[in-house]
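Rule-based calculations on the coordinates, nothing more; no lab input. In this text the structure is predicted, and so the values were computed from the model without any measurement. No Cβ is skipped: glycine too gets one built from the backbone with ideal geometry, and neighbour counts run over all protein chains shown.
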Amino acid sequence: MRELKRSKCAILPLVLKKKWYDMIASGEKLEEYRDAKPFWEKRIKKWLAKRSGSLEDLGKNLSLVIGFSCGYRKPDMFFLIRYCDVEEHSFHPEWGEPESSHFILSLGERVEIVSD
């Protein structure tokens, strides 16, 4: 597992139910889904903009990372993001993928986040 410094990461924290958290931890679930509604659209676009450096107050060369937590606590499982896309159909209902339009967050390498 590779280490990344917190200052070099744009972290999107996501809260999961135990079932989905355990499936991601085991490597069975390789994607996370969020409804393509205004709340998630705004949040995900702001997170993606950090990587592109389009927001003036953010550093450059940030890695996009998703931080997962089981329930409402600090994220304790981190993954680099491979891609983020909006889909109009369902592929993995067993992974909790909704049937409506949604964001697909494809998980890459698991990483450890360390303080600077």
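Observations on the structure shown:
- Ranked by how many other Cβ atoms sit within 10 Å of their own Cβ, fewest first, the residues K17, K50 fall in the order K17, K50.
- Restraint check, K18/K42; K17/K46; K8/K46; K5/K42; K18/K46, Cα-Cα greater than 21 Å: K18/K42; K17/K46; K5/K42; K18/K46
- Potential extension, E3-R110 segment - 0.36 nm per residue separation minus Cα distance: 37.6 nm
- Ascending count of other beta-carbon atoms within 10 Å, so fewest first, for S7, S69, S63: S7, S69, S63
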